[in-house]
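The values are calculated or read from the model by the stated rules, or taken from the named source; none is laboratory data. Everything quoted here is computed from the prediction, not taken from an experiment. Heads up, the Cβs are rebuilt from the backbone with ideal geometry, glycines too, and the neighbour counts pull from every protein chain shown. The area values use the complete protein model at the heavy-atom level, side chains included, leaving out ligands, DNA and RNA. Shrake-Rupley method; radii C 1.70, N 1.55, O 1.52, S 1.80 Å.
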Amino acid sequence: MKRPLAALLAGAAAAFALVALPLTDASAATGCRVDYTPTGQWSGGFQSDVRITNLGSPITGWSLGFDFADAGQHLSQGWNATWSQAGSKVTATSADWNASLGTNASVSIGFTGTSTGANPVPAGFTLNGVACTGTTDPTTPPPTTPPPTTPPPTTPPAGTTPVAINGRLHVCGVNLCNQYDKPVQLRGVSTHGLQWFGDCYKAASLDALANDWKADLLRVSMYVQEGGYETDPAGFTNQVNNIVDLAAARGMYALIDFHTLTPGDPNYNLERAKTFFAAVSARNAGKNNVLYEIANEPNGVSWASIKGYAEQVIPVIRANDPGSVVVVGTRGWSSLGVSEGGNETEVINNPVNAQNVMYTFHFYAASHGDAYRDAVRRAAARIPLFVTEFGTVDYTGSGPFDQASSTTWLDLLDSLKISYANWTFSDAGESSAALLPGTCAGSNFSGTDILTASGKFIRSRIMTPDNFPTS
């Protein structure tokens, strides 16, 4: 959460049918199938998922080929495979971790592209150079027409909580979008370190967040060092899961934060991250309310190194929870590099090779002003941003409450529909905390009598109506 002083000084959605396209396995000529699913379209671009299922003998190493059906379609980036394009021909080659496909095993890959017109389904699918047949029975012809289009839900949601209204979230273009493919903004708070303030996160406090604050989101901030996860992996994993359950029961989204800060290179905790996210993604994959934040505040490390870390951790999550949203930390304490003399172009020009990815931005209102806001304005037009942490005070988490700068920041985030979580919903003895010291030992978390100046301000901003779009 806290930044060294050096940091301060340095610095058009649509619904689509799932189109099933059969493929032949190179080692079992009639044994593979692909489901090609357009998942998003906007002005000048589109996104598609591709799921390969091996119906034949096990294979090790695969290469998927197909032809874009429109001359205006061009590959931008892909995930879970090595992607390339030559003319109209697109090739996706297996990564090390998904090269082996046993009988009936599947792998999901995907890509984004640019386009100048319509985006018809690609043609000429091959696997390892063998043309598609579509079935393990050579007498059964492949389907000739796609199934009918299934539109997104159009009836009003049955519930009134954020999760009941919005359902499973995904990234479309530069926005976080709901089950109706409409851009949404989540507004909520972050926990403090669970090893210090675990008593702040219980039924009574989450009742207050859901019913009094009308919060959409709780960021579950699990420190890795400083007496956190590395000291008791099983215990902290269970604690995170319990809080996720409390949020789910109240219809709030939960952002699971792997809270790394020192050392600043996330690769220091790579194996811990893989273990942790394998566990929580397997356990929570069936929930609609879970998002993942894989590195809190990288610092003193290049964007290329952060990107490499993300591209090793995301597949671990995807193996269990393929449709989830993952938020990736950025350079310079998640300032898009601004606090280390950089800017947003390093991410824009070299994005993470994965789907449903957003990028982290953090700020502290009394320390980070117009230069940081300008970076957010520029970046928000090009990449999906999520403010997973911000404070109304200075970068240390202390100092006077800066209402003027905080208001300017939140007005900006509201105008851009950028989701946010305030640091912190805790009774820590610092001015960034929303609760007065001693509050968490009790059972009353509603109203304003137990709130600091920062807490009163944040509650007043969060509890205004969300007006989530459903049509």
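Cross-link partners of Lys89 among lysines, defined as those whose alpha carbon lies under 28 angstrom from its own and excluding same-chain residues fewer than eight positions apart: Lys307. Once amide H atoms are placed 1.01 Å from N in the peptide plane, what residues at a sequence separation of 5 or more from Val301, or on another chain, have their amide H within under 5 Å of its amide H? Those qualifying (amide H under 5 Å, at least 5 residues apart or on another chain) are Gly332. Surface composition of segment 342-415: carbon plus sulfur atoms hold 45% of the accessible area, using a 1.4 angstrom probe and ignoring ligands, DNA and RNA. Counting Cα-Cα pairs of segment 329-471 in 10 Å increments starting at 0 gives whole-percent bin shares of 11, 39, 31, 16, 3. Relative to the Cα centre, the charge distribution of segment 289-419, modelled as +1 at Lys and Arg Cβ and -1 at Asp and Glu Cβ, gives a dipole magnitude of about 380 debye.
Solvent-accessible surface of segment 327-471, taken per residue with a 1.4 Å probe and all protein chains present: 33 Å².
Taking only the C-alpha atoms of segment 204-292, Rg followed by Dmax gives 13.5, 40 Å. Taken along its three principal axes, the alpha carbon spread of segment 183-235 comes to 36, 29, 16 Å, from the longest extent down to the shortest. Shape summary of segment 310-384, radius of gyration then Dmax from alpha carbon positions: 13.3, 41 Å.
Applied to segment 284-301, the Karplus parametrisation 6.51 cos²θ - 1.76 cosθ + 1.60 on θ = phi - 60° returns per-residue 3J(HN,Hα) values of 10, 4, x, 8, 8, 9, 9, 10, 10, 10, 8, 7, 4, 9, x, 7, x, 9 Hz, with x for Gly and Pro. Rolling a 1.4 Å probe over the protein chains gives Ser443 an accessible area of about 100 Å². The rule of thumb for compact globular proteins, 2.2 N^0.38 Å, goes into the C-alpha radius of gyration of segment 335-419 1.08 times.
If the chain linking Ala282 and Ser471 were pulled fully straight, counting 0.36 nm for each residue of separation and taking away their Cα-Cα distance, it would gain 64.8 nm.
Around the amide H of Ser76, modelled in the peptide plane, lie the amide H atoms of Thr112, Gly113, Thr114, all under 5 Å away and 5 or more residues distant in sequence or on another chain.
Using 0.36 nm per residue and subtracting the Cα-Cα separation, the extra length available between Thr82 and Ala164 on full extension is 25.8 nm. Taken per residue, the accessible surface of segment 218-313 reaches 30 Å², heavy atoms only and a 1.4 Å probe. Annotation: amide H of Leu291 within the under-5 Å range of Ala254, Leu255, Ile256, sequence separation 5 or more or interchain, hydrogens built in the peptide plane. Label sites at Arg272 and Ala69, each approximated as a point 7 angstrom past Cα along Cα to Cβ, lie 5.0 nm apart.
For segment 349-471, give the share of DSSP beta bridges that are antiparallel, in percent and rounded to the nearest 5; count only bridges with both residues there.
Working: 1 of 8 bridges.
Expressed as a percentage, antiparallel bridges in segment 349-471 total about 10.
Derived scalar couplings between HN and Hα for segment 109-120 equal 10, x, 7, 10, x, 9, 8, 10, x, 5, 10, x Hz in order, rounded to whole Hz, by the Karplus curve 6.51 cos²θ - 1.76 cosθ + 1.60 (θ = phi - 60°), x for Gly and Pro. The stretch between Ala118 and Asn349, if pulled fully straight at 0.36 nm per residue, gains 80.6 nm over its current Cα-Cα span.
Computed over protein heavy atoms with a 1.4 Å probe, the carbon and sulfur contribution to the accessible area of segment 179-307 reaches 48%. Think of segment 163-303 as a dipole: +1 on every Lys or Arg Cβ, -1 on every Asp or Glu Cβ, centred on the Cα centre; then among Asn238, Thr262, Gly228, Asn238 lies furthest on the positive end. Candidate cross-link partners of Lys202 among the lysines, defined by an alpha-carbon separation under 22 Å and a same-chain spacing of 8 or more, comprise Lys214, Lys287, Lys456. Considering only Thr392, Ile418, Ser367, and ranking their Cα positions along the charge dipole of segment 365-423 that arises from unit charges at the beta-carbon of Lys, Arg, Asp and Glu, the one farthest toward the positive end is Ile418.
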